[in-house]
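Heads up, the thing below is written out as structure tokens.
The numbers here are math on the coordinates, done by the rules we state, and not lab data. Remember, predicted model here, so these are calculated numbers, not experimental data. Reconstructed Cβ throughout: ideal geometry from the backbone, glycine too, with neighbour counts over all protein chains shown.
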């Protein structure tokens, strides 16, 4: 059991550190490359956009919590934030999995970032 907890924590730390870098790198890469508007490429773009929205929700909810002085234990607002963040990330992951089958500048970024944000929301909910 300890081994699985160690693996989960290690994977979480990796994704916590790399997801913001991958999001910034993905948007820069998308802006510089030629745009492809095939259906599967657009799914990768939409998945990446949802993963970015989920990451922005995580950052903004942290800032909001700081201004409030922290959230109470099992605060309904915080539970809704977790639910919306996980829903955004899960939707991004599904769209990214569909879009990975067509070459696009964002296909691997979308998959990595959507999985990273989903790991983040599960880790935060678990820490609650």
Ranked highest first by the average count of other Cβ atoms within 10 Å around their residues, in what order do 117-123, 27-33, 101-107, 79-85 fall?
117-123, 101-107, 79-85, 27-33
When the helices in the chain are scored as -39500 (n - 2.57) per DSSP H run of 4 or longer and the sum is shared across all residues, what 222 nm value do you end up with, to the nearest 500 deg cm²/dmol?
-29500 deg cm²/dmol
By the mean-Cβ-within-10 Å protection proxy, highest first, 63-75, 7-19, 37-49 rank as 37-49, 7-19, 63-75
Round to the nearest 10 and give me the degree value, 0 to 90, for the angle of helix 39-68's Cα axis relative to the longest principal axis of the chain.
30
How many angstrom lie between the Cα centre of region 72-128 and the Cα centre of region 1-56?
9
Could you work out the percent of alpha carbon pairs in the chain separated by over 21 Å, rounded to a whole number?
43
For the chain, the longest principal axis of the Cα atoms and the Cα long axis of helix 2-32 enclose an angle in degrees, to the nearest 10, of 40
